[in-house]
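K.L.:
Mind looking over this structure? Questions follow.
The values are calculated or read from the model by the stated rules, or taken from the named source; none is laboratory data. It should be emphasised that the depicted structure is a prediction, and the values quoted were computed from it without experimental measurement. No Cβ is skipped: glycine too gets one built from the backbone with ideal geometry, and neighbour counts run over all protein chains shown. Keep in mind that these areas ignore ligands, DNA and RNA; they rest on the heavy atoms of the full protein, side chains included. Shrake-Rupley method; radii C 1.70, N 1.55, O 1.52, S 1.80 Å.
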Amino acid sequence: MGYCESCKITILDDTEFCPLCHSGLKKRVDTITSTGYPDVLLKKKKIAVFFNITLFITIATFILNVFLNSILKLDMNWLYIFSASLLYVVIGLRQIATESGYIKTIFYYMIGAVALVVFIDAVTGFYGWSVNFVLPGAMLLLDLVFFVLMCANSRNWQGYMLYQIFMIVLGLIPIGLIESGIVTHPLMSEIAFLSAIIVFLGTLIIGGHNAREELKRRFHI
């Protein structure tokens, strides 16, 4: 018999860890009565509060840096890069802490990394390397990751179709940048956009009826 101090409940079997919060149990001989329902999400709530406070401090620091730079006319680009990098790390760690799934985590991490790189390129004079190579390169990498995950998780391959549609939508961004003249080396961006379309069409055609039903379910049609 053990007692969980986090959940305030008594465990009657001989396990050493609480089945609800996985904390170590305190050995008790007497029977302890618990009142109410245990708050099994208490640790996650504390982690969320910690990351929210950290996120607020990071954003406030970034805004303060922008304000000081505009008022004092200082060349403090490294502060912008540091603040943006810290913001990326904090948001990424919060994403992991929320346990929203490895697919979303990979997707958000990659999109955030691209946004950070584009920001660094813009702050340092915008030479275009971020939109010419990093953005389409990240899209190609994501297409490859989704393809590998679909092969490894063949029982749930339909779950990746929505992300493939997102990739096609994201692929329109570099195409628009090509039309606006911002992207000066369009080949890699065009390959990334075409690869997203090919992967989606391949999934839709090979998946057949199951793929079409997944799209109907996702979009309620």
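K.L.:
Please pick out the residue among Phe126, Phe147 that is open to solvent by 50 Å² or more (accessible area, probe 1.4 Å) and closer than 17 Å to Ala196 by Cα.
P.N.:
Just a single option satisfies the conditions, and that option is Phe147.
K.L.:
If you go through region 163-182 one residue at a time, do you hit one that is without any contact (Cβ under 8 Å) to a residue 40 or more places away in the chain and in contact with a Gly (Cβ under 6 Å, 6 or more places away or on another chain)?
P.N.:
No, because not a single residue in region 163-182 is without any contact (Cβ under 8 Å) to a residue 40 or more places away in the chain and in contact with a Gly (Cβ under 6 Å, 6 or more places away or on another chain).
K.L.:
Return the residue satisfying two criteria in turn: it lies in region 1-17 and is touching a Ser or Thr at 6+ places or on another chain (Cβ under 7 Å) and closer than 19 Å to Lys45 by Cα, and of such residues it is surrounded by the fewest Cβ atoms within 10 Å (Cβ to Cβ).
P.N.:
Lys8
K.L.:
How about region 172-204: which of its residues are open to solvent by less than 30 Å² (accessible area, probe 1.4 Å) and among the hydroxyl-bearing types (Ser, Thr, Tyr)?
P.N.:
Ser189, Ser195, Thr203
K.L.:
Go through (1) open to solvent by 60 Å² or more (accessible area, probe 1.4 Å); (2) modelled with pLDDT of 70 or more; (3) assigned to a loop (DSSP other than H, G, I, E, B) for Thr35 and report which single condition fails.
P.N.:
The one condition Thr35 does not meet is (2).
K.L.:
Also, I was wondering about something else. Search region 106-123 for residues being farther than 16 Å from Leu86 by Cα and out of contact with any Gly (no Cβ under 8 Å at 6 or more places or on another chain), and hand back the single one that is surrounded by the fewest Cβ atoms within 10 Å (Cβ to Cβ).
P.N.:
In this case the residue turns out to be Ala122.
K.L.:
Can you tell me which of (1) modelled with pLDDT of 85 or more; (2) surrounded by 15 or more Cβ atoms within 10 Å (Cβ to Cβ); (3) closer than 23 Å to Gly101 by Cα is the one Gln158 doesn't meet?
P.N.:
(1)
K.L.:
Go through the residues of region 205-213 one by one and say whether even a single one is farther than 19 Å from Thr105 by Cα, open to solvent by less than 40 Å² (accessible area, probe 1.4 Å) and either polar (S, T, N, Q) or not in a helix (DSSP H, G or I) (or both).
P.N.:
Scanning region 205-213 turns up at least one residue that is farther than 19 Å from Thr105 by Cα, open to solvent by less than 40 Å² (accessible area, probe 1.4 Å) and either polar (S, T, N, Q) or not in a helix (DSSP H, G or I) (or both).
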